[in-house]
Amino acid sequence: MPTSLGTGQHGGIAEFLNDQFREAIERRVLPWTSKQMTIGVRSPRGRNWDTSRIPDVTVLTVAQWEAMRDREAVIHLNEPPPILVVEVVSAATKIVVLQASASEGTTDAYKGWAIAFPMTSSPPMAVCSFG
């Protein structure tokens, strides 16, 4: 399911979350890495098992990341799932992200799936997690 580009606010939230995850990973000296919009995750739709989503932020082990060095940067269903997948929802992507998450069963395949909703009040976003 094609999705449009998010707003600048959407990108800013994704960048903020990625920075926060990276700082937490470094502070806790975990063998993890956080990548912003660079890793696909398999999310089959109906009978098509070759579809992938590119989430806004993906947290995965360093070993998983290094295994993708010379191949397509996609986490397949037969591989360990990422630690966390985050999709930011903005006005431009809201309907598509929510419909695709429900129809593709991404919340079943990846237990660490979260959707971040920008809000105009404080705090600036809400995070809904599944799993």
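The values are calculated or read from the model by the stated rules, or taken from the named source; none is laboratory data. From a predicted model like this one, the values you see are computed outputs, not experimental measurements. With ideal geometry, Cβ positions are generated from the backbone for all residues, glycine too; neighbour counts draw on all protein chains shown.
Here is the figure for the stretch 23-60: residues that are loosely packed, with under 12 Cβ neighbours inside 10 Å, part of a loop (DSSP other than H, G, I, E, B) and at pLDDT 95 or above total 2. Take residue 63 and decide whether it is surrounded by fewer than 16 Cβ atoms within 10 Å (Cβ to Cβ), outside any strand (DSSP E or B) and at pLDDT 60 or above. Yes: the conditions hold for residue 63.
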